[in-house]
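Please treat every number below as a calculation from the coordinates, not as lab data. From a predicted model like this one, the values you see are computed outputs, not experimental measurements. No Cβ is skipped: glycine too gets one built from the backbone with ideal geometry, and neighbour counts run over all protein chains shown.
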Amino acid sequence: MYAFYAITLTALCTFFTRSFPFLLLSRLNKVPSIVTFLGQVLPPAITAIFVVFCFRDSFDYFHSSGLSGYYKEIAAICGILLVHKIKNNDVLSVFTGTAIYVILSN
Amino acid sequence: MIQTSLPQSNSPIKKALTKALPAMIGLFFLHIAYGLTLANAGFGILYALTIPTFIFSGSISFILIDFLTDADQLLSLGLLTLFINSRHIFYGLSLYDHIKDYKQFKPYMIFALCDETFTLITSSSSKEETLQFETQKTFFYLAFLNQLSCVAGSVIGNLLGTQSTFSLRGIEFSLTAIFIVALLNNYRQSQNKRPTIIGGLIGIISLLLFGGTHMVLPAITGVMIVQVFQRTIQIRRHRKLSFT
């Protein structure tokens, strides 16, 4: 039952974020400059925050084996950086990083 | 059917397919990973079907898995969804003029405005095209095909995970990979590198202070405070200079 509430809540919130401009702009005439400013500045910062968020669980290793415990993540990140630099293809880079991590995990 | 004066050699579906195919493939494989992750966490086909259908947002649907296993956090989940998907506000803002003219597809277009669909629409439309019914249909099919790829991938991945002994440990890393690639793209495209760096630093501080599950909201709030503070200082300095 909790799952139902969780999924419904997430769906409603997501739909709200997508429809928000359409609700708002039909009433306002111009967008306040602070909104434009945050609109330019927040997305890159939020993406950086998400990357940290994705690694939130892996910091447990540090206490046991130090930096060498991170070989999977480091290898995968290096793979992504390399492939993205060379080919500049989003799908390929994601696939490479995931493949490296999965291969090292199994 | 409205007969246009120009002969239409490509149907809207075909046009949408050719435009969206790379995104569809990417979304499909990402959602195979999602289906597998769901299966690893113990969730079956019902979840694999309903989540991409009703939520249709890759990033939050991955994070949702953690919240499904870790109950009683509805408020955090709601706020987290609002913040993580806040970028969608800017999608609607950018496409407002375009979408407000849709008559029959409007609700679905607003619902299905995910990252990939937004990118495809903004990179391919021209001002003259936007008012034509044919283009509206094309973009509708585009959005729909993208979502279809997500649902299909999710279901197939989940079936692979639950029905067979096929297990792919570490597949959740796909979400991390997506964010890293997005970060690289953002970093390269932005003139001011500071927001990315500030976001990363504040993110790490927030992680240390608040722990994994609760770090995102304080981090985003912290970034907003820092940025508004910086901007206020900039404006004050600008005002001082213009008075001297």
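So here's what we get for this one:
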| item | result |
| --- | --- |
| Convex hull volume per residue in cubic angstrom - Cα atoms of the stretch B:134-244 | 188 |
| Principal axes of the protein assembly as shown: Cα extent on each, largest first, Å | 72, 70, 46 |
| Length-normalised contact order of chain B in % [C-alpha pairs under 8 Å, at least 6 apart] | 33 |
| Charged-residue dipole, Cβ positions (Lys, Arg, Asp, Glu), the protein assembly as shown about Cα centre, Debye nearest 20 | 1340 |
| Globularity index of the stretch B:149-205, i.e. its alpha-carbon radius of gyration over 2.2 N^0.38 Å | 1.66 |
| Simple spin-label estimate for B:ASP70 and B:LEU17 in nanometres, 7 Å along Cα-Cβ | 4.3 |
| When each of A:LYS87/B:LYS137; B:LYS14/B:LYS106; A:LYS85/B:LYS100; A:LYS87/B:LYS106; A:LYS85/B:LYS14; B:LYS15/B:LYS193 is checked by Cα-Cα distance, pairs over 27 Å | A:LYS87/B:LYS137; A:LYS85/B:LYS100; A:LYS87/B:LYS106; A:LYS85/B:LYS14; B:LYS15/B:LYS193 |
| Square roots of 5 times each gyration tensor eigenvalue, C-alpha, chain B, largest first, Å | 33, 30, 15 |
